[in-house]
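The values are calculated or read from the model by the stated rules, or taken from the named source; none is laboratory data. All values derive from a computational prediction rather than experimental measurement. Note that each Cβ is placed from the backbone with ideal geometry, even for glycine, and that neighbours are counted across all protein chains shown.
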Amino acid sequence: MQKVVEIKDLNFSYQEKEVFKNLHLTMESQKFTVVLGPNGSGKTTLLKLLLGFEKGNSVIMLDSLPVIKENLNRIYKEIGVVFENQNQNFVAETVTDELAFPLENLNYGKEEITKAIDQVSDLLNIKHLLNEVPNNLNAGDKQLVALASALIINPKILLIDEGLNNLDLSRKNKILSILKKLVNENQITIIYFTHDSEDTLNADNVIILSNGKVQVANTKEEIYKDENNFLNANLEPPFIIKLSKRLQFYDLIQDDYLNAEKLVNDLWK
Ligand code: ADP
């Protein structure tokens, strides 16, 4: 399996504050990887290191390219990023112009731009926002526009830092399943940083960070086998996993369920 991120023996500190010590981490290409960790565990710092905004003592490989100054332009062409705080980041007067902006930078023609805006706004169900002023949108819609703007360049890798937390739960889950589909059908790689263990339900792979270390990294199914993987990092497992474990304890079901509807249906039988 091809690696999209390779980090070996990385140390990183902000002045006196040590964030990572001997960090080892790999992520697979064309997968949806969730990096889960409590606040302060280093998620945003890891994102900044991947983007070359911060530098540690060892060189990170992103999609087989060393993340060093000379490669950053090349790297930025193939990645889309949704940052945590999207509030002040919009520059254009309308959402349409905001979405056109990254493509104009890449010298796309007018027709191609119109087509791409049409496709991405259809995908994320934001057609009704196209004539709005991005800075006037509510926080959830701002996140969707930021996501559309990251997706419009057809990135090979999409990085999202807590970038969907202003959406209500049902919209967030819809978007996560759309992103999952993009990974499966368009072979893109998504790396999603979050403190919310519920988000891992959409992942292929999960990396749990705490105290500047990778506590555990595996497929979500393997991670769910032991609730301590979450508890040791001061996190709770997703609700459906906690429920599955209790029901297994009482011999009512045999395995972990990832889908509440399926669980209810099977219990009802
Ligand atoms: P997370 O995204 O998981 O909440 P961060 O990467 O933002 O974690 O922060 C990791 C640690 O580094 C925290 O203890 C935080 O207080 C500290 N930190 C983050 N940014 C800075 C900074 N610019 N200067 C000093 N310390 C920082």
Could you list all residues from segment 65-77 that are surrounded by 14 or more Cβ atoms within 10 Å (Cβ to Cβ) and within 30 Å of VAL133 (Cβ to Cβ)?
TYR76
Picking from VAL206, VAL183, which residue would you name as being in a helix (DSSP H, G or I) and β-branched (Val, Ile, Thr)?
VAL183
Only one of (1) within 12 Å of the ligand (Cβ to nearest atom); (2) modelled with pLDDT under 95 fails for ASN57. Which number is that?
(1)
Looking only at segment 226-236, decide whether some residue is in contact with a Pro (Cβ under 6 Å, 6 or more places away or on another chain), charged (D, E, K, R) and part of a loop (DSSP other than H, G, I, E, B).
yes
Assess whether LEU99 counts as being closer than 21 Å to LEU46 by Cβ and assigned to a helix (DSSP H, G or I).
no
Name the residues in segment 78-101 that are more than 16 Å from the ligand (Cβ to nearest atom), of a type in the set (A, V, I, L, M) and surrounded by 15 or more Cβ atoms within 10 Å (Cβ to Cβ), would you?
ILE79, ALA92, VAL95, LEU99, ALA100
How many of the residues making up segment 28-47 are surrounded by fewer than 18 Cβ atoms within 10 Å (Cβ to Cβ), under 17 Å from LYS3 (Cβ atoms) and of a type outside the set (Ser, Thr, Tyr)?
2
Segment 248-259, residues that are buried (at least 18 other Cβ atoms within 10 Å of the Cβ) and hydroxyl-bearing (Ser, Thr, Tyr)
TYR257
Segment 34-46: number of residues that are near the ligand (Cβ under 6 Å from one of its atoms) and touching a residue at least 24 places away in the same chain (Cβ under 8 Å)
7
Could you run through segment 1-33 and say how many residues are within 13 Å of the ligand (Cβ to nearest atom) and assigned to a strand (DSSP E or B)?
9
Of the listed residues (GLU84, GLU70), the one being within 19 Å of the chain's Cα centre (by Cα) and not in a strand (DSSP E or B) is GLU84
Could you identify the single residue in LEU50, LEU62 that is within 16 Å of the ligand (Cβ to nearest atom), surrounded by 14 or more Cβ atoms within 10 Å (Cβ to Cβ) and at pLDDT 95 or above?
LEU50
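Yes or no, residue by residue, for (1) small (Gly, Ala, Ser); (2) over 25 Å from the mean Cα position of the chain (by Cα); (3) surrounded by 14 or more Cβ atoms within 10 Å (Cβ to Cβ):
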position	(1), (2), (3)
GLU227	no, no, yes
ALA233	yes, no, yes
ILE240	no, no, yes
ARG246	no, yes, no
LYS269	no, yes, no
Read through the list (1) of a type outside the set (A, V, I, L, M, F, W, C); (2) within 16 Å of the ligand (Cβ to nearest atom); (3) under 12 Å from the mean Cα position of the chain (by Cα); (4) surrounded by fewer than 21 Cβ atoms within 10 Å (Cβ to Cβ), then give the number of the only condition that ASP204 fails.
(2)
Hey, can you tell me all the residues within segment 245-266 that are in contact with a Pro (Cβ under 9 Å, 6 or more places away or on another chain) and over 14 Å from GLU198 (Cβ atoms)?
LYS245
